[in-house]
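The values are calculated or read from the model by the stated rules, or taken from the named source; none is laboratory data. All figures in this text were calculated on a predicted structure; none of them were measured in a lab. Here the Cβ positions follow ideal geometry from the backbone for every residue, glycine too, while neighbour counts run over all protein chains shown.
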Amino acid sequence: MKLFSSEQLAEWGVVDYGFTSQAVPETLDHYNEWVEKGAHKPLDYLEGERREKRQSVKVHWDEFHSAVVFLFSYHSLHQSMHQIYAENENWNGLKLASYTMGFDGEDYHHLLKQRLNEIGSFLKQNYPGLDYKLTLDTHPVLERDLAFRSGLGWFGKNSMMINRHHGSFFIIGSLLLNQNIHPEPRKIEADHCGQCTACADACPTQAIDPETRTITAKDCISTFTIEQFKLDTVPPEKMDLTSGWIFGCDICQDVCPWNKRVDRQQRSAHVFNDKQNGILEFFLKQDKLVLKEKLEAMSEGEFKRKFAGTSFERSGRRGLLKNLRLLLKQLNILS
Ligand code: B12
Ligand code: SF4
Ligand code: SF4
């Protein structure tokens, strides 16, 4: 049974979707073990009350009966960013997680929330009495597991949810429903990592444990560059930004053969919009020291106005400056 037409899916940017009526995550024990051994630190929002809610979607929302889970791909932006890193003479050596440039350069939390609400309204027209809640990153739901039990992919050794046809460069967004509108869920996807360990081998901070398919959060460049905003944050011993990532990190996805496969199948020539060009010009196309000086001279308010509605609002001026200073020190450009 198809709920949506291919035109609708294309308009929403959905490359695949699935269903589950299972409230309890399939891999819950792994999550609990991970938090109990403290591997989530410093991400305190994964413990306490929000950990309790993650034990079952029913704890988060007691009317839950099923979920429709969507994959919103940004693979083409990953390709465009690589083109800049490989070919652009004006590139300053800095790198940004490609999701920041996806979704028209807007913070996906805003843009995909609108799309999920559109999808929710459409479903409501067809199912009388239907109610929904959306879950998109910040909600206390194990979203990779929700996608896993909807048959959309498997957990890679880098802990990413990987889809056989679309790789891992996608955002997971879901509608939790008070009805079970789809009785035939897909089969759970098998593991397709095999003997490969490319992600763990490539991670500059050795944050990946390929045995448990989890990462040590404090050692992940993404944690340090996106989640820790304070100027005086002490970098963990293994933190290594020398490969240029100043906001997020894509290394363990870039090297994954399942993403390289999508690279070979899709050739996209992306035309950047004004918002995306603004981000590129500011962060990636001016000298690193000039960028540092500009960030130092800017007020928090000025930064917020310049990057309103983008992913960079999250870390703010201070967070980016902290990352850039560490990178410049590690490259011996700054003492
Ligand atoms: C906290 C968090 C982070 C933390 C911790 C990441 C982590 N790996 O746990 C940090 C800040 C480091 C982070 C980074 C990134 N994140 Co993040 N993050 C989250 C968040 C909010 C919670 C994740 C969580 O619960 N982690 C706890 C771990 C234990 O759970 P898990 O990651 O689901 O891992 C499962 C598997 O490891 C499995 N498992 C464990 N052992 C074993 C063993 C076997 C044999 C098997 C089969 C399974 C298995 O069980 C675990 C529990 O379900 C989710 C959104 C959400 N609400 O779920 C987004 C989310 C996971 N992040 C996302 C993204 C895009 C990223 C980045 C790519 C951003 C970037 N470019 O910098 C990086 C990727 C880093 C990486 N390799 O994971 C996407 C991932 C999409 C996808 N394709 O998987 C999510 C789902 C957001 C979204 N809505 O799309 N993130
Ligand atoms: S996102 Fe970067 S630092 Fe984090 S686990 Fe992957 S390669 Fe390592
Ligand atoms: S790089 Fe290899 S081991 Fe890592 S997630 Fe991809 S296929 Fe699995």
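Within the bounds of the range 15-26, is there any residue that is within 30 Å of Asn126 (Cβ to Cβ), away from ligand 1 (no atom under 13 Å from the Cβ) and either among the hydrophobic types (A, V, I, L, M, F, W, C) or not assigned by TED's automatic domain parsing to the domain that holds Ile172 (or both)? The answer is yes, given that some residue of the range 15-26 is within 30 Å of Asn126 (Cβ to Cβ), away from ligand 1 (no atom under 13 Å from the Cβ) and either among the hydrophobic types (A, V, I, L, M, F, W, C) or not assigned by TED's automatic domain parsing to the domain that holds Ile172 (or both).
Quick check on Lys260: is it farther than 28 Å from Leu324 by Cβ, within 15 Å of ligand 3 (Cβ to nearest atom), basic (Lys, Arg) and free of Cβ contacts under 8 Å to residues at least 60 places away in the same chain? Spelling it out, Lys260 is indeed farther than 28 Å from Leu324 by Cβ, within 15 Å of ligand 3 (Cβ to nearest atom), basic (Lys, Arg) and free of Cβ contacts under 8 Å to residues at least 60 places away in the same chain. Just one of the listed residues (His75, His40, His30) is within 16 Å of ligand 3 (Cβ to nearest atom) and within 25 Å of Glu211 (Cα to Cα), namely His30. Filtering the range 263-285 to residues that are in a helix (DSSP H, G or I), closer than 12 Å to Gly105 by Cβ and either touching a residue at least 24 places away in the same chain (Cβ under 8 Å) or aliphatic (A, V, I, L, M) (or both) leaves Lys275, Gln276, Gly278, Ile279, Leu280, Phe282, Phe283.
Against the condition on the phi < 0 side of the Ramachandran plot, β-branched (Val, Ile, Thr) and buried (at least 20 other Cβ atoms within 10 Å of the Cβ), how does Ile172 come out, does it pass? The answer is yes for Ile172.
The residues of the range 326-335 that are crowded, with 17+ Cβ neighbours inside 10 Å and out of contact with any strand residue (DSSP E or B) (no Cβ under 7 Å at 6 or more places or on another chain), listed by number, are Leu326, Leu328.
Asn92 meets the conditions (1) at pLDDT 95 or above; (2) on the phi > 0 side of the Ramachandran plot; (3) surrounded by fewer than 18 Cβ atoms within 10 Å (Cβ to Cβ) in every case but one. The failed one is (2).
Across the range 209-220, what is the number of residues that are within 6 Å of ligand 1 (Cβ to nearest atom), within 13 Å of Lys37 (Cβ to Cβ) and in a loop (DSSP other than H, G, I, E, B)? Write out each step before concluding.
To start, the set of residues in the range 209-220 that are within 6 Å of ligand 1 (Cβ to nearest atom) comprises 212-215, 217, 220.
Now narrow it down to the ones that are within 13 Å of Lys37 (Cβ to Cβ): 212, 214-215, 217.
So of that shortlist, the ones also in a loop (DSSP other than H, G, I, E, B) come out as 212.
Qualifying residue count for the region: 1.
Considering (1) exposed (fewer than 14 other Cβ atoms within 10 Å of the Cβ); (2) in contact with a Phe, Trp or Tyr (Cβ under 9 Å, 6 or more places away or on another chain); (3) among the polar types (S, T, N, Q), the lone condition that Ser121 does not fulfil carries the number (2). Selection over the range 148-187 of residues that are within 16 Å of ligand 3 (Cβ to nearest atom) and part of a loop (DSSP other than H, G, I, E, B) gives a count of 12.
Are any of the residues in the range 172-187 within 7 Å of ligand 1 (Cβ to nearest atom) and assigned by TED's automatic domain parsing to the domain that holds His40? Checking the range 172-187: at least one residue is within 7 Å of ligand 1 (Cβ to nearest atom) and assigned by TED's automatic domain parsing to the domain that holds His40. For Ala202, the conditions (1) more than 30 Å from Gly244 (Cα to Cα); (2) touching a helix residue (DSSP H, G or I) at 6+ places or on another chain (Cβ under 9 Å) all hold with the exception of (1). No other residue among Leu280, Leu321, Leu284, Leu289 is over 21 Å from the mean Cα position of the chain (by Cα) and surrounded by 15 or more Cβ atoms within 10 Å (Cβ to Cβ) apart from Leu321.
Scanning the range 292-312 for residues that are of a type in the set (S, T, N, Q) and surrounded by 15 or more Cβ atoms within 10 Å (Cβ to Cβ) gives Thr310, Ser311. When Thr233, Thr223, Thr242, Thr205 are screened for being assigned to a loop (DSSP other than H, G, I, E, B) and crowded, with 18+ Cβ neighbours inside 10 Å, only Thr205 passes. Please determine, by comparing only the residues of the range 300-318 that are within 22 Å of the chain's Cα centre (by Cα) and in a helix (DSSP H, G or I), which one is farthest from Thr225 (Cα to Cα). Within the range 300-318, the match that is farthest from Thr225 (Cα to Cα) is Lys304.
Applying the set (1) of a type outside the set (A, V, I, L, M); (2) within 21 Å of the chain's Cα centre (by Cα); (3) at pLDDT 95 or above to Phe272 leaves exactly one unmet item: (3).
A single entry from Lys41, Lys58 fulfils the requirement of being surrounded by fewer than 17 Cβ atoms within 10 Å (Cβ to Cβ), over 30 Å from Glu281 (Cα atoms) and in contact with a Phe, Trp or Tyr (Cβ under 9 Å, 6 or more places away or on another chain): Lys58.
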